[in-house]
Amino acid sequence: MNDITTPPATSRVLEVPPPEPAISAAAMRDKLGLHTDAWDLAQDLANAIEALVVIDTRSRAHYLAGHIPGAISLPHVEMNPTTLAALARDRVYVCYCDGIGCNGSTWGTLKLATAGFTVKELLGGLDFWQRDGHPLASGPEPGSLADAELTACGC
């Protein structure tokens, strides 16, 4: 019998070494600055945080069918200097679309940031919002989550 030696296992995770802790911390801070998640947004909407404005970047028809309570409809394809002129400059805007298979929120975030607005993108969009068990509003009115009882987050 031949003595077959198995080569030592190599780590795919460690093939590219992780950065120094300070670099990781800076990158994660940047990531949190660019994005928010459904739970954090729902908490802020339930607490009526006035500094935030949620923008549904999908078509108006999709907004009417179901949107995050409190969100306004501003499809990314309609964003231009005229439509953005009505937005307050002292707010933080959170853009969302259907979910990770749609880049409407990315386009909206880019257009707002390019126009000088402070903006974040909602991770997972409406898909992750619903997966977390948060309610939807429908019709032309934004609706509200103020004082809503939220389902606990598992994070």
- Residues of the stretch 65-77 being surrounded by 15 or more Cβ atoms within 10 Å (Cβ to Cβ) and in a helix (DSSP H, G or I), which ones? His76
- Message: Looking at Arg89, Arg29, can you tell me which residue is part of a helix (DSSP H, G or I) and over 28 Å from Gln130 (Cβ atoms)?
- Response: Arg29
- Item | Test for Ile100: is it surrounded by fewer than 16 Cβ atoms within 10 Å (Cβ to Cβ), closer than 24 Å to Trp39 by Cβ and touching a residue at least 12 places away in the same chain (Cβ under 8 Å) | yes
- Check whether at least one residue in the stretch 81-88 is free of Cβ contacts under 8 Å to residues at least 40 places away in the same chain and within 17 Å of Leu34 (Cβ to Cβ), and report yes or no. no
- Among the residues of the stretch 42-57, write down those that are in contact with a helix residue (DSSP H, G or I) (Cβ under 8 Å, 6 or more places away or on another chain) and either assigned to a helix (DSSP H, G or I) or open to solvent by 20 Å² or more (accessible area, probe 1.4 Å) (or both). Ala42, Leu52
- Item | Only listed residue being at pLDDT below 95, among the hydroxyl-bearing types (Ser, Thr, Tyr) and open to solvent by less than 70 Å² (accessible area, probe 1.4 Å), chosen from Ser11, Ser24 | Ser11
- Regarding Thr151, is this residue over 19 Å from His35 (Cβ atoms), open to solvent by 60 Å² or more (accessible area, probe 1.4 Å) and touching a His at 6+ places or on another chain (Cβ under 9 Å)? yes
- Ser105 fails exactly one of the following numbered conditions: (1) touching a helix residue (DSSP H, G or I) at 6+ places or on another chain (Cβ under 7 Å); (2) open to solvent by 40 Å² or more (accessible area, probe 1.4 Å); (3) within 17 Å of Leu34 (Cα to Cα); (4) not charged (D, E, K, R). What is the number of that condition? (2)
- Query: Can you name the residue in the stretch 108-129 that is assigned to a helix (DSSP H, G or I), more than 17 Å from Val77 (Cβ to Cβ) and touching a helix residue (DSSP H, G or I) at 6+ places or on another chain (Cβ under 7 Å) and, of all such residues, is least open to solvent (accessible area, probe 1.4 Å)?
  - Reply: Trp129
- Evaluate the following for Glu78: is it more than 19 Å from the chain's Cα centre (by Cα) and either farther than 21 Å from Phe117 by Cα or free of Cβ contacts under 8 Å to residues at least 60 places away in the same chain (or both)? yes
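The values are calculated or read from the model by the stated rules, or taken from the named source; none is laboratory data. Just so it is clear, the model here is predicted, and its values are computed rather than measured. Note that we place each Cβ from the backbone using ideal geometry, even for glycine, and neighbour counts take in every protein chain shown. The area values use the complete protein model at the heavy-atom level, side chains included, leaving out ligands, DNA and RNA. Shrake-Rupley method; radii C 1.70, N 1.55, O 1.52, S 1.80 Å.
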